[in-house]
1. In the stretch 206-215, is there at least one residue being among the polar types (S, T, N, Q) and crowded, with 24+ Cβ neighbours inside 10 Å?
2. Within the set of pairs 6 or more residues apart or between chains, which connect a residue that is among the polar types (S, T, N, Q) inside the stretch 84-113 to a residue that is in a strand (DSSP E or B) and more than 16 Å from the ligand (Cβ to nearest atom) with Cβ atoms less than 8 Å apart?
3. Are any of the residues in the stretch 106-121 open to solvent by 30 Å² or more (accessible area, probe 1.4 Å), assigned to a strand (DSSP E or B) and at pLDDT 95 or above?
4. Identify all residues within the stretch 233-255 that are free of Cβ contacts under 8 Å to residues at least 40 places away in the same chain, in a helix (DSSP H, G or I) and closer than 15 Å to residue 152 by Cβ; write none if there are none.
5. If a residue has to be under 15 Å from the mean Cα position of the chain (by Cα) and not polar (S, T, N, Q) to count, how many in the stretch 201-214 make the cut?
6. Can you tell me how many residues within the stretch 127-139 are more than 15 Å from the ligand (Cβ to nearest atom) and open to solvent by less than 20 Å² (accessible area, probe 1.4 Å)?
7. Within the bounds of the stretch 225-234, is there any residue that is open to solvent by 30 Å² or more (accessible area, probe 1.4 Å), in contact with a Ser or Thr (Cβ under 9 Å, 6 or more places away or on another chain) and either of a type in the set (A, V, I, L, M) or modelled with pLDDT of 95 or more (or both)?
Amino acid sequence: MRVGFVQFAPEIGRLRRNLERAEALAPRADLLVLPELCASGYNFSSRAEAEGLSEPAEGPTLAACRRIASKTGAAVCAGFAEKSGNAIYNSALLADAKGLVGVYRKTHLFENEMDFFTPGDTGFRVWDCAGAKIGLMICFDWFFPEAARTLALRGAEILAHPSNLVLPWCPDSMPVRSLENAVFAITCNRWGDERGLNFIGRSQVTAPDGRILVRAPEDADAADTVEIDPARARRKTIATRNDRFGDRRPDFYAR
Ligand code: ACM
């Protein structure tokens, strides 16, 4: 299957412009990942601003993802500010041309996100979609190896990872998340400056052997895809007598 990312530079508050930009860039594929908060922008100045830019799961971001799915043939994963009751979640949706497949709410909030968002309550979820088992995590979740591990233990073959990265380490760390779990990972970052925050671009797809299959530049739009075989992620062997999951000793992992 062909998987990839749509890296661009959303402008805060310009929902329509941002979704149109993603639609214009999206290439043909089976699975595409867009950045975290790709419609609203990221660096809110107040909770009121975040709330004004939030939307229900069945909102404009889902509508744009369905249009992208119809145009490209891909299932689409995209980050959005989700309004649910009085709460706002930093969420990601997975959709195909028929509609919403599922929603994940970010577990590990980063810095000022804590002023705007409620910590996610969905846990790490995996869906059968586009011919593969797809697990969702969002940006800073990468820093907690338990996120990728939990998704892999739940059967994920591909980690879809919408991001707005500002710290420098994720692109060099995701190859290890892929290697230790034998999964593919698609990190889609944004690039550009927003109210004094600089985002590092470098979206990428990593493979179960830790290789970086494709990587975007740090400061430009980039819509790249690569052919993968998700079945490769079902083999968890490391050596003849070692297995990533079979050799785990969870009894010794509690604090
Ligand atoms: C981040 O989690 N957006 C850094």
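The values are calculated or read from the model by the stated rules, or taken from the named source; none is laboratory data. Here the structure is a predicted model, which means the values were calculated and not measured. Ideal geometry is used to build each Cβ from the backbone, glycine not excepted, and the neighbour counts take in all protein chains shown. Please note that ligands, DNA and RNA were not included when accessible areas were found on the heavy atoms of the full protein model with its side chains. Shrake-Rupley method; radii C 1.70, N 1.55, O 1.52, S 1.80 Å.
1. Yes, the stretch 206-215 has at least one match.
2. Here the result reads 91/103, each pair linking the stretch 84-113 to a residue that is in a strand (DSSP E or B) and more than 16 Å from the ligand (Cβ to nearest atom).
3. Looking through the stretch 106-121, none of the residues is open to solvent by 30 Å² or more (accessible area, probe 1.4 Å), assigned to a strand (DSSP E or B) and at pLDDT 95 or above.
4. 250
5. Within the stretch 201-214, residues that are under 15 Å from the mean Cα position of the chain (by Cα) and not polar (S, T, N, Q) number 3.
6. So the count comes out to 4.
7. no
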